[in-house]
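The values are calculated or read from the model by the stated rules, or taken from the named source; none is laboratory data. Owing to the predicted nature of the structure, the values given are computational and were not obtained by experimental measurement. We place every Cβ from the backbone using ideal geometry, glycine too, and count neighbours over all the protein chains shown. Side chains are part of the model used for accessible areas, which takes the heavy atoms of the whole protein and leaves out ligands, DNA and RNA. Shrake-Rupley method; radii C 1.70, N 1.55, O 1.52, S 1.80 Å.
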Amino acid sequence: VQLQASGGGLVQAGGSLRLSCAASRSIFSFNALGWYRQAPGKQRDMVALIAYDGATNYVDSVKGRFTIDRDNAKNTVHLQMNSLKPEDTAVYYCYAGSRGGTYWGQGTLVTVSS
């Protein structure tokens, strides 16, 4: 499976971005899809996940600002990011997990200026 992430960029604090992750095949078989991020010098951390049944999970720091959704017909997952803060600056990685393994996209850089 290949995951193609897009939508990153430079935005001012308070602005919005929408990340997209397109899978090369059906996403029905994945138990969870989502986004992780890695800031310079830090480990990669979970940002948001969406399960096969639509249940979502967010890291506390983005609750109320970020929304994850999936489009099964288009094999895509999106992350709508509002009220962005400088501390959201990181490379964002698309993730897909199933019993058969885990898959990562190439990452897309999000930079939030103060």
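FRET efficiency for ALA51 and LYS85, Cβ-Cβ distance as r, R0 = 25 Å, nearest 0.05?
0.40
LYS63 to THR102: FRET efficiency via 1/(1 + (r/R0)^6), r the Cβ-Cβ distance, R0 30 Å, to the nearest 0.05? Don't skip to the answer; put the middle values down first.
On the way: r = 24 Å, r/R0 = 0.80.
Once rounded, the FRET efficiency stands at 0.80.
Just the number please: accessible area per residue for the chain, 1.4 Å probe, all protein chains included, in Å².
On a per-residue basis, 52 Å².
Grab the alpha carbons of region 16-82, take their convex hull, and tell me the volume per residue in Å³.
So the per-residue hull volume is 98 Å³.
Determine the dipole magnitude for the chain: charges of +1 sit on the beta-carbon of Lys and Arg, -1 on that of Asp and Glu, nothing else is charged, the reference point is the Cα centre, and the result goes in debye to the nearest 20.
Here the chain has a charge dipole of around 140 debye.
Over its Cα atoms, what ratio of radius of gyration to 2.2 N^0.38 Å does the chain give?
0.99
Provide the gained length on full extension for the span LEU109 to LEU10, in nm with one decimal, where the gain is 0.36 nm per separating residue minus the Cα-Cα distance.
Taking LEU109 through LEU10 to full extension adds about 34.8 nm, to one decimal.
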